[in-house]
1. Quick test for you: out of Gln115, Gln89, Gln31, pick the one residue that is outside any helix (DSSP H, G or I) and at negative phi.
2. Within segment 190-249, can you find the residues that are at pLDDT below 90, of a type in the set (Lys, Arg) and buried (at least 17 other Cβ atoms within 10 Å of the Cβ)?
3. Within the set of pairs 6 or more residues apart or between chains, which connect a residue that is over 15 Å from Phe350 (Cβ atoms) and modelled with pLDDT of 90 or more inside segment 319-331 to a residue that is among the hydroxyl-bearing types (Ser, Thr, Tyr) and assigned to a strand (DSSP E or B) with Cβ atoms less than 8 Å apart?
4. Anything in segment 1-45 that is buried (at least 23 other Cβ atoms within 10 Å of the Cβ) and among the acidic types (Asp, Glu)? List them, or say none.
5. Residues in segment 449-482 that are in contact (Cβ under 8 Å) with a residue 12 or more places away in the chain and of a type in the set (Asp, Glu): how many?
6. Tell me the strands (runs of 3 or more DSSP E) entirely within segment 343-460 that contain at least 1 residues that are among the hydrophobic types (A, V, I, L, M, F, W, C) and modelled with pLDDT under 95.
7. Out of everything in segment 99-127 that is among the aliphatic types (A, V, I, L, M) and modelled with pLDDT of 90 or more, what residue ends up being nearest to Pro51 (Cα to Cα)?
8. Quick one: in segment 250-272, which of the residues that are touching an Asp or Glu at 6+ places or on another chain (Cβ under 8 Å) and farther than 18 Å from Val435 by Cα is surrounded by the fewest Cβ atoms within 10 Å (Cβ to Cβ)?
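The values are calculated or read from the model by the stated rules, or taken from the named source; none is laboratory data. Small disclaimer: the values here were computed from a predicted structure and weren't measured. Backbone-built Cβ (ideal geometry, glycine too); neighbour counts: all protein chains shown.
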Amino acid sequence: MAAIGIDYGTSNSEVVFFDGNHHSHVKLDPQVKDGNKIRSSIFIYYPDELPTPPDEIVEAKVAQLQRTIGEQIEKEKQRFYEAQDPNEQQVYSDRIESLRGQFHDRPGLQKRAIQLLLKDLTVQDLSLKQLVETGTFAFGEEGFRRFLATPEKGRLIYSPKNFLGASLDSQQQEAFVGMIAKQLGYFRECAEAQLQQAVDTAVIGRPVKFHGTRGETGNVQAINIMQQAAALAGFKHVSFLEEPIAAAYRIERTLATETTTLVVDVGGGTTDICCIRLGPESAQPEQHNNPVLGVTGKRLGGMECDKNLVLKAIAPHLGQGLSMQNGLPVPPTYFSDMCAVDDIPKLTRFFSDEYGLEIMQTKSIVKEPELLERLLIIQEEKLSARVVNSARMAKELLSSKAQITLPLPYIEPDFSISIDNQMLALSMKSWLSKVIRLIEECLAQTDIKPEVVMITGGMSLSPILRDTLSNGLLAGLPLLENDAFNSVCEGLAIQACRVSCADTPR
């Protein structure tokens, strides 16, 4: 039986196997060249008809139909009593009998109720639990391309991980268990096919603090969801390791002597920091006793930068900052709600007909209604995920360019905007100050000063982040070079190997 490391990320996920000497990356996305990484987003869709509504909704509709029929019966009775002609009375009597037959024809009423419900039903009307239980799943590029082509056919869960620590009711928790079980099951199948052996053990990466506002309660909930999902996916042994510590386990294999290392892991959803003693002895597979001197984390990932860039660079072209006739600005919540791809209630509200009507009304009382028309298109066509994804691509391009032109033709033909590094830096300013405070919080947990620093995670490739840290708080600390995208998962695979070695009888 094999043990694997799973980096279940906010933006991307990865699976790695370590045999004690070499890492093997599992190919997860057949539509991407060297597809070791896969988008963490999931598109759940219906290729044909939507599912039959739940029984309780059908029965409520049946009751509504019976009330309507009952009212019609009473009207026909009244007409019967008012009629003077026996032939006319017979007509009303026949109608009453027909209506009574309809009233008591439960199978017929249920069929009619389902037809009426499906006529007006859209994917957005389905609960998340029903979506998970009845929909078809598409992962990675396949899922994202299906979403771009037919967004009305399903729902894109942009980042399941971001919801795990949030306030979820029991049905929503069940939905996320089922959803993530499908993903983890797919990862396990890919690993077994590539490794040509059964996989029953996984070490899954976790942030120090999951995305959410519920503190330790949210962390416990998130781990419970992941544990249940992993069990449903067929894993018999599951453990969790904080992501910065996993990255540390990977880098320690390159160290010649014991070294106090500060690991700054800036991912898509969270930033996690640890200060840890690393060395060649503890890097051996059977050892895992590294003293952690300090660890902390917060929801300060790259997605926040993406949303901030939308607000700074794109939203002004969608009507942000316009004044209404009363002199007040267009509500800024329009634009923050538009970006809420990691907040299901807020995004569902933004996509509602009532919200669209409010934007339409506001559009009629501003001087440049064509700008708000773009926002209305995003709202009506449910393009929020595409807008945030465009900002992400812009951010990545600006890592190597001073200025770019970002095309947004899905909003309006020939619509594009210019974004430069100065604008990106301005959008990141508040976020960077929070990252610095988080590092200071970690360093304050120990009197031992770090000797080297390792900056990893997707956002570590940002020159703005690296320059801010290297020229400021971490000035003078040698920088350990690492694989920004793979260090965490390779460290998780090392820990999986350790767990497997410890469980194997000698």
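1. Details: Gln115 fails: outside any helix (DSSP H, G or I); Gln89 fails: outside any helix (DSSP H, G or I).
Residue meeting the stated conditions: Gln31.
2. Listed by number, the list holds a single entry, Lys209.
3. Here the result reads Pro329/Ser323, each pair linking segment 319-331 to a residue that is among the hydroxyl-bearing types (Ser, Thr, Tyr) and assigned to a strand (DSSP E or B).
4. Asp7, Glu14
5. Residues in segment 449-482 being in contact (Cβ under 8 Å) with a residue 12 or more places away in the chain and of a type in the set (Asp, Glu): 1 in total.
6. The strands (runs of 3 or more DSSP E) meeting that bar are 452-456.
7. Going residue by residue through segment 99-127, those that are among the aliphatic types (A, V, I, L, M) are 99, 109, 113-114, 116-118, 121, 123, 126.
The next check asks that each one be modelled with pLDDT of 90 or more; those that pass are 99, 109.
On the way: Leu99: 29, Leu109: 18 Å.
By that ranking, first place goes to Leu109.
8. Glu258
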